[in-house]
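A short write-up of the structure that comes next.
The values are calculated or read from the model by the stated rules, or taken from the named source; none is laboratory data. Computed from a predicted model, the values in this text were never measured in an experiment. Glycine also receives a Cβ, built like all others from the backbone with ideal geometry; neighbour counts cover every protein chain displayed.
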Amino acid sequence: MKRVAIVVHDGVSAFELGCALEVFGLQRQGLGALYECEVISFTPGPLHSTANLQILAKRADQLHLYDRIIIPSWPTSGKRLQVRMADALLSAYRQGSELVSFCSGAFLLAQLGLLDGVEATTHWQYADTFCRRFPAVKYTPDVLYTVHARLACSAGSAAALDLSLELVRRDYGYEIANQMARRLVIPPHRKGGQAQFVETPMASPQNKLSATLDWAIQQLANGIQVDDLARHANMSRRSFDRHFRQSMGTSAKHWLNQQRVRVAQALLERDDTDIQQVAAQVGFDSPVTLRVNFNKYLGVAPSDYRQQFQSVN
């Protein structure tokens, strides 16, 4: 069971704090005890959130004992870091702790210098300020989250849940992450490379697209292509491509390959099915295509992914 610390300050975002607590701070029936979670602070309490909720946090101590440290938010105005806080976070990171930021929390990781030369993100609203203050960071726009070794950043608001589910998946696999998503009543398959916001999130064809996406996930093994999705949605290919990108913030081909990789991950985690059979079950035309897409989206070969996942479970 991983130990998780959520670091709060006076004025912490209530929503992002709630996201962290919802995923890492609750024990859900049927899932067992996945995390031991504590809310901690370097500032004497009581503290208050953005919604003026009073918070009584545990005094921050021995941060290196936590496997994951979450920063739900941080002032974007250049708040000065306490030396004790900076030293504790840097020491924990050097000793193996993961540091995870939600939304403006990336400003804290950047102030610590941990994001220099690293791809990172934050809420699009803060992009100009972030890039101006931290030019050494490889700011990545139009993504829901970034993960680099033991550093992770989410974009604003609900993207914190997307990143949290990704971390659950990395900890416990797709089956547990999908169960968690169902409990939260959110989709389990929004990947980090999707846009933070889309041009027409309430576009009129959304219902058609939703039904088509559900159908597509069930039909992956049949080798369906984007043309098949367009036909199912009763649209021309050109119209479908336009509406898909407007509604999903990515191309239909990109999304389809991501879903194939996602299902392949679950199969690789579950048993020792031959790589060729895995490729066929998710609709890739060959193991080579599976390997190419695995490397593209995950940066690892399928066989290495299986070995890595089994080594930590």
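Taking only pairs six or more apart or across chains, which ones have beta-carbon atoms under 7 Å, a first residue in the range 52-66 that is touching a residue at least 12 places away in the same chain (Cβ under 8 Å) and farther than 10 Å from Ala5 by Cβ, and a second residue that is in a loop (DSSP other than H, G, I, E, B) and among the hydroxyl-bearing types (Ser, Thr, Tyr)?
Every condition considered, the pairs that remain are His64/Ser97.
Return yes when Thr212 is in a loop (DSSP other than H, G, I, E, B) and either touching a strand residue (DSSP E or B) at 6+ places or on another chain (Cβ under 6 Å) or among the hydroxyl-bearing types (Ser, Thr, Tyr) (or both) and no when it is not.
On the way: in a loop (DSSP other than H, G, I, E, B): no; either touching a strand residue (DSSP E or B) at 6+ places or on another chain (Cβ under 6 Å) or among the hydroxyl-bearing types (Ser, Thr, Tyr) (or both): yes.
Against the criterion (in a loop (DSSP other than H, G, I, E, B) and either touching a strand residue (DSSP E or B) at 6+ places or on another chain (Cβ under 6 Å) or among the hydroxyl-bearing types (Ser, Thr, Tyr) (or both)), Thr212 does not qualify.
Going through the range 144-157 one residue at a time, which ones are in contact (Cβ under 8 Å) with a residue 12 or more places away in the chain, surrounded by fewer than 23 Cβ atoms within 10 Å (Cβ to Cβ) and among the hydrophobic types (A, V, I, L, M, F, W, C)? Outline the logic, then answer.
Start the filter on the range 144-157 by keeping residues that are in contact (Cβ under 8 Å) with a residue 12 or more places away in the chain, which leaves 144-148, 150-157.
With the extra rule that they be surrounded by fewer than 23 Cβ atoms within 10 Å (Cβ to Cβ), the set shrinks to 147-148, 150-151, 156-157.
Residues satisfying the conditions are Val147, Leu151.
For every residue, the table says whether it meets (1) in contact with a His (Cβ under 7 Å, 6 or more places away or on another chain); (2) surrounded by 13 or more Cβ atoms within 10 Å (Cβ to Cβ); (3) within 25 Å of Leu81 (Cβ to Cβ).
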position	(1), (2), (3)
Met1	no, no, no
Phe15	no, yes, yes
Phe24	no, yes, yes
Pro46	no, no, yes
Ala51	no, no, yes
Leu56	no, no, yes
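Can you name every residue in the range 116-138 that is within 17 Å of the chain's Cα centre (by Cα) and either surrounded by 21 or more Cβ atoms within 10 Å (Cβ to Cβ) or part of a loop (DSSP other than H, G, I, E, B) (or both)? Reasoning before the result, please.
Residues of the range 116-138 that are within 17 Å of the chain's Cα centre (by Cα), as a first pass: 118-124.
Result: Val118, Ala120, Thr121, Thr122, His123.
Conditions first: (1) in contact with a helix residue (DSSP H, G or I) (Cβ under 8 Å, 6 or more places away or on another chain); (2) at pLDDT below 85. Gly299 passes all but one, so which condition is the exception?
(1)
Consider Gly45 against the criteria (1) out of contact with any helix residue (DSSP H, G or I) (no Cβ under 7 Å at 6 or more places or on another chain); (2) under 21 Å from Cys153 (Cβ atoms): it satisfies all of them except one. Which criterion is unmet?
Single failed check for Gly45: (2).
Quick check, is Leu89 of a type in the set (A, V, I, L, M, F, W, C), farther than 14 Å from Ile40 by Cα and either at pLDDT 95 or above or touching a helix residue (DSSP H, G or I) at 6+ places or on another chain (Cβ under 8 Å) (or both)? Give the steps one after another, and end with the answer.
Working: of a type in the set (A, V, I, L, M, F, W, C): yes; farther than 14 Å from Ile40 by Cα: no; either at pLDDT 95 or above or touching a helix residue (DSSP H, G or I) at 6+ places or on another chain (Cβ under 8 Å) (or both): yes.
Here the answer is no, as Leu89 does not meet what is asked.
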